[in-house]
1. Taking L104 as meeting all but one of (1) touching a residue at least 60 places away in the same chain (Cβ under 8 Å); (2) closer than 18 Å to Q263 by Cβ; (3) of a type outside the set (S, T, N, Q), write down the number of the exception.
2. Could you tell me whether any residue of segment 265-272 is surrounded by fewer than 20 Cβ atoms within 10 Å (Cβ to Cβ) and touching a Phe, Trp or Tyr at 6+ places or on another chain (Cβ under 9 Å)?
3. Among the strands (runs of 3 or more DSSP E) lying completely within segment 298-347, list those that include at least 3 residues that are at pLDDT 85 or above and not assigned by TED's automatic domain parsing to the domain that holds Q232.
4. When segment 299-333 is examined, which residues are found to be touching a residue at least 40 places away in the same chain (Cβ under 8 Å), surrounded by 18 or more Cβ atoms within 10 Å (Cβ to Cβ) and more than 22 Å from Q232 (Cα to Cα)?
5. Which pairs have Cβ atoms under 9 Å, sit 6 or more apart or on different chains, and link a residue in segment 337-354 that is in contact (Cβ under 8 Å) with a residue 40 or more places away in the chain to one that is aromatic (F, W, Y) and in a loop (DSSP other than H, G, I, E, B)?
6. Pick out the one residue from S240, S262, S195, S229 that is of a type in the set (S, T, Y), at pLDDT 90 or above and outside the structural domain of L145 (by TED's automatic domain parsing).
7. When you check Y97 against the structure, is it within 24 Å of Q291 (Cα to Cα) and without any contact (Cβ under 8 Å) to a residue 40 or more places away in the chain, yes or no?
8. For I255, work out the one condition from (1) over 30 Å from L290 (Cβ atoms); (2) among the hydrophobic types (A, V, I, L, M, F, W, C); (3) buried (at least 18 other Cβ atoms within 10 Å of the Cβ) it doesn't fulfil.
Amino acid sequence: MLKKWMRTGLFCLGLLYFSLSGMAGSGLEKAEARTMASSELWPEKAWTVRFSQELNPDSITPETVYVLDSQGQRITQVSLQVSKDIVSVGLAEGYSYPQGDYRLVVAPGIESATGESTTTETIKPFTVLGPTYFTFLNNVLPTGLAGKGYSIYLEGNRSTGTSWAINQGSLPAGLTLDPGSGEIKGKPEAAGSFSFSIKKTSAKGSEEKALSLDILPGNFTLSPLISPSISQGQQPETGSAQLRYPNGSKKAIDIYWEPVNSQQGGNITLRGQLGGSDYQVEIPGIISYLQHVDYKYYYWATINWRTVTVDLDGKVRDAYMDASYPDRSKIRKMDFMKELSEQRGCNVFGVNTNALDTGSTVTFRFYDAFGNLLEKRDMLVD
């Protein structure tokens, strides 16, 4: 059912019948509600679903083809494209699946070009793996802290049928490599920079990779952290923390944030760890109520006239766009756009202006039904 190639998946469905293998000469079985075998995949996963007949594209909607997370919540950033008998299921630009378990659902009600319709549901479970450090192009593993616990898996967190070994050099004192799981773990004893090579052996053969690992001193004071900006449907990007030492020196270390439920806007608590260590950090954060902004929903370049629209979470009842306008005002209340809101399934607000140049800065302010400020966000006009 699944063809793994360039991070896309292929499985074939029929209208009334579907092929179990999707390969030429395969047998056909009477259509029944079916859950396929699960697959382990990477965060940028895209699916290609091929039917046995050309499709009516109007029947391919977020109600007939969708992705659910482990909590049964729909992933709203899924994009669907139809070409004859093929449906491509991907994610909007800039989005990826957080690590975890998911289900691709192909529901009943998909129509062929001749009017036939599917009557059963097909589910394809899949698991998105964690990071694969063994394939990092820069060959650098997450930084550790002397005296603190350390743990990273060289290949996601599900390495099976693979053996791992140190081929050249050695790990920092206090760390070991699990030959079965590919986990580097332990408690590094001293600071320093270390280089070594790892040999990976599987049924497909063996490969070797040179890696490096920095261990920073553990006697630091943590500088105040900056909360990352998170849009709905996205995960926090790798952050950075500054460590201050008694001698006045400073060192930077990455923060790897835990996955968050970002399907709805609101205040959250972000938790993460410093590098590959077990040193935990925590900071208040916010999932933006802004789902999408379009500075050129309507655009007349000759006079720089544009309609700016913002797609917002349903909790937002008023929106303002602050900028420098020709009448010397700084504030514009955005109009609620009822028809667009119904089409897009969210609250859409818009404003007309000829005062915004590409590259200029605007400030959006979003309020709830009681007049409480939910979010203030500065953005560049594109």
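The values are calculated or read from the model by the stated rules, or taken from the named source; none is laboratory data. For clarity, every value in this text was computed on a predicted model and none was experimentally measured. Note that we place each Cβ from the backbone using ideal geometry, even for glycine, and neighbour counts take in every protein chain shown.
1. (1)
2. yes
3. Qualifying strands (runs of 3 or more DSSP E): 305-312, 318-322.
4. R306, A323
5. Going by the 9 Å Cβ cut-off, the qualifying pairs are T353/Y325.
6. Of S240, S262, S195, S229, the one residue that is of a type in the set (S, T, Y), at pLDDT 90 or above and outside the structural domain of L145 (by TED's automatic domain parsing) is S240.
7. For Y97, the condition - within 24 Å of Q291 (Cα to Cα) and without any contact (Cβ under 8 Å) to a residue 40 or more places away in the chain - is not met.
8. Of (1) over 30 Å from L290 (Cβ atoms); (2) among the hydrophobic types (A, V, I, L, M, F, W, C); (3) buried (at least 18 other Cβ atoms within 10 Å of the Cβ), only one is false for I255: (1).
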